[in-house]
Amino acid sequence: MLLSEPRAVVSSRAVNLALFSAVRYRFQLNDTTYSIFDLVGLDEGRSFSLPEAKKTLQALLGNFSNKSSTRLHLLVLCIRAPRITDVVANNYKLFYQTVCKRQVPIVTIITGLENNRPTMEDWWSDNRAAFTPYRMKFQDHACITATKGRRLADAQGFVYEKEYNDSVKAVQKLVVENTSILDEGWEYDARQFNMLWGEIFNFYKRISSPIGKKIQSVTADGKAKASKAWKAVLVPDVLKPTRRLWNSRFSSPLSSPPQSRVITFFADIQGIAA
């Protein structure tokens, strides 16, 4: 639901040569301009070509190279409660530890908490220790719902409307308070890509099963729901009324408007699909 129009649903059994794709958006919040790179397709149960995966990652990182004016200011890992899976941990390790070398602030958004009692926030108090075995640490978090639920019988609102509105505020607060200042964004050194790719290749060898020249990623059911569920809280409510929204898929580095803070969202696909 980050897109202004519906996205086609592709079977999770399909072979997609790219490891993932990135859709880019720009919006304003509290007089500050932000750009979002929404990573789509991670661990959706499909094979991918290593050369294409390398090309896709290099294009993404090229946006943050020393040849570009763009810097990365925040990572957001979206997780569907109640499970913390190996998929979550692997995505955390890949982007936060391996790619960004722990140099970018990282936060998490826990979704699917509309029925958590007494409050959605209590989920964090009850479950934060579950991240410890995975050695996952976050600068901050938001416990939310991405749905308003069904419409009430009297047509006066929705079942989870209060929880949803609270979630919108929580996500906005999370972004504003944790995005690093403009001049302190992370910069990627393009000269180090081959070394980085070697680390990523070895990482995927450890967590995946080789199949010829392809690697089969972790399977997940309900891909369409997974790719949309956590996004629902962002558009239109989080970004309105001041948003300026645009999107595009990249095949080469994109130029970024000056004075724009950049956020990368990546989702726990398997957890959201549960």
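Here are the numbers:
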read-out: Enumeration of residues in segment 152-171 that are part of a loop (DSSP other than H, G, I, E, B) and hydrophobic (A, V, I, L, M, F, W, C); value: Leu152, Ala153, Ala155, Val159
read-out: Among (1) part of a loop (DSSP other than H, G, I, E, B); (2) within 16 Å of Ser35 (Cα to Cα), the one test that Leu174 misses; value: (1)
read-out: Residue that is nearest to Val176 (Cα to Cα), among those in segment 23-67 that are among the small types (Gly, Ala, Ser) and modelled with pLDDT of 80 or more; value: Ser35
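The values are calculated or read from the model by the stated rules, or taken from the named source; none is laboratory data. From a predicted model like this one, the values you see are computed outputs, not experimental measurements.
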